[in-house]
Amino acid sequence: MRGIRNILVSAVFLGLALGLALLPQTASSSSSTAMSMEQSGSDEAVPAYHAQSPQGALPATMSPELFSDPIVQNAYAVAAKIKKTLYQEPCYCHCDRSQGHGSLFDCFASQHGSGCNICIYEDLYTYEQSRKGKTAAQIRAGIIKGEWQTVDATKYQQPLPAK
């Protein structure tokens, strides 16, 4: 009886190991999405982003009026103004893995950005840096370094002036 039990336990472990070995690998991204092998400060691969501006028009971001939180409303309002830049930025909540996002832009073309502080802070950082004249590549370098974590979100608690 003990021998049968040992064989069954071994078979279960062998089945698990075989199953893990045969799991499909993460699908490779489309050629327009740059899956950078650059490393961030925490030695993790940079999330998906597009290395170039979009070729055509981008879909609309979600309307800020759909959300009640003023910071979220402002995040969606500025996202609508900087869509082409957001398209070229990675998102460190790793929604490229969990949601299939190709860049930070996808967070604000969906409701995802409304419930994620990482997305919101990266969006506000991108907005502030683009207003300073930084390029998408320069902003991306700052995001990769973690500079988005220094955004003062308190200044976004009131509606932004319409510009």
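Nothing in this text is a laboratory measurement; each read-out follows from the coordinates by a stated rule. Because the structure is a prediction, the values reported are computed rather than measured. Glycine gets a Cβ as well: all are built from the backbone with ideal geometry, and neighbour counts include every protein chain shown.
The table that follows gives values for the structure above.
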{"item": "Label-point separation, residue 132 to residue 155 (7 Å along Cα→Cβ), nm", "result": "1.0"}
{"item": "Aspartates and glutamates with Cα under 12 Å of residue 145, excluding same-chain neighbours fewer than 8 positions away", "result": "38, 43, 44, 122"}
{"item": "Other-chain or far-sequence residues with amide H under 5 Å of residue 45's (modelled H)", "result": "none"}
{"item": "Inter-probe distance in nm under a simple model that places probes 7 Å from Cα toward Cβ, at residue 66 and residue 141", "result": "3.5"}
{"item": "Lys/Arg +1, Asp/Glu -1 at C-beta; the range 31-163 dipole; positive extreme among 98, 70, 116", "result": "70"}
{"item": "Relative contact order computed over the range 31-163 (Cα-Cα under 8 Å; 6+ residues apart), in percent", "result": "26"}
